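The values are calculated or read from the model by the stated rules, or taken from the named source; none is laboratory data. Computed from a predicted model, the values in this text were never measured in an experiment. Virtual Cβ from ideal backbone geometry, glycine too; neighbours counted across all protein chains shown. Quick note on the areas: whole protein, heavy atoms, side chains included, nothing else; ligands and nucleic acids left out. Shrake-Rupley method; radii C 1.70, N 1.55, O 1.52, S 1.80 Å.
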Amino acid sequence: MHPVNWARFGLLAALWGCSFAFIKVSLDAFAPLQLAFGRLLVGALVVALILAVTRAAPPDRKAWGHIVVASVFGNVVPFTLFAVGEQHTTATVAGVIQGATPLVTMGIAALAISTEKPTARKVTGLLIGFVGLIVVVGPWRTEGFGSVGGQLACVGAAVSYAISFVYVRRFIAPYKIPALAVTAGQLTSATVITGLITTFSIGWDLPGELTAGPLLSLLVLGGASTGIAFVLMNRLIADAGPTTASGVNYLVPVFSVIVGALALREAITWNVPVGGVVVIAALALAEGRLSWPARRAAAPSAPASPTPDPAPTAVAREAC
């Protein structure tokens, strides 16, 4: 993966690493569907503003059907389900479940995209990364895991994310639409869909008091962790493929713990740095940044470097 994409990868992990805390605070005032609509609306406005300033072209009309489908699986469903899940289970469990997204994505991508067939190196790296993720969040330190319903809601959100990653790469990336335009269309579609669902289901009466904390959390969640984050994600999917892009979910809990320590003065125990090193090393292994012993053993007389995994050609060159 290109160094610029690694920078996008890290920034995206940081933005999403803060999202669980923002969701928790926002739920003090908003219902899950209202929260999903609010973050989508703010995110769509931020991306629309960037689109206007850069004078970028809107998505091709031929791609709008696919963009709407991607908005359902990539925004409407996971945003709502994670909000529901965090009402009934711990943030730790939600983080672990979201960390399974790369493994789910790899399985779906292997079936749907010919260039995304899993290799032994990538499978090993993703499995080690998931182990490192569990070490980071330290589930043995929690007093409870919440309800089964809350956990299943988070599982549904993770699976929905995985479907969206593969769908964008398979059906939208071939149009060679800049990531910014794809994100604008995706968030706009999701905002309209979520707004209609909220209006005809629960309505707009807030279940809690709208104070500065939930409101500011919603604004940051929408502008940074939704608008800017999904521009970065769509660019990564186009450039590096859905399996690689979804690997960002391994780093999300790492940043989440760091943010908690710096902003909330939460203690960092031994498992955080240890698990963080494992996660980063596993991602490097999956992406071919570390040597793969099996390939060297197979051809000891040939010093040539290992053949990299097939990777899709970059389809969007404009900078985010």
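At-a-glance table
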{"quantity": "Residue match in region 176-195 (condition: more than 19 Å from Ser246 (Cα to Cα) and of a type in the set (Lys, Arg))", "calculated": "yes"}
{"quantity": "Condition check for Leu251: among the hydrophobic types (A, V, I, L, M, F, W, C) and at pLDDT below 75", "calculated": "no"}
{"quantity": "Filter result for Arg141 (open to solvent by 10 Å² or more (accessible area, probe 1.4 Å) and at pLDDT 80 or above)", "calculated": "no"}
{"quantity": "Answer residue from region 49-59, given it is open to solvent by 50 Å² or more (accessible area, probe 1.4 Å) and out of contact with any Leu (no Cβ under 8 Å at 6 or more places or on another chain) and is nearest to Leu221 (Cα to Cα) among those", "calculated": "Leu49"}
{"quantity": "Phe30 out of contact with any helix residue (DSSP H, G or I) (no Cβ under 6 Å at 6 or more places or on another chain) and of a type in the set (Phe, Trp, Tyr)", "calculated": "yes"}
{"quantity": "Inter-residue pairs, beta-carbon under 7 Å, first under 16 Å from Ser246 (Cβ atoms) and among the aliphatic types (A, V, I, L, M) and in region 1-26, second open to solvent by 20 Å² or more (accessible area, probe 1.4 Å) and assigned to a helix (DSSP H, G or I), 6+ apart", "calculated": "Ala13/Phe255; Leu15/Ala224; Leu15/Ile228"}
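A quick yes/no check of all residues on (1) open to solvent by 20 Å² or more (accessible area, probe 1.4 Å); (2) within 22 Å of Ala184 (Cβ to Cβ):
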site	(1), (2)
Phe73	yes, yes
Phe82	no, no
Ala100	yes, no
Glu116	no, no
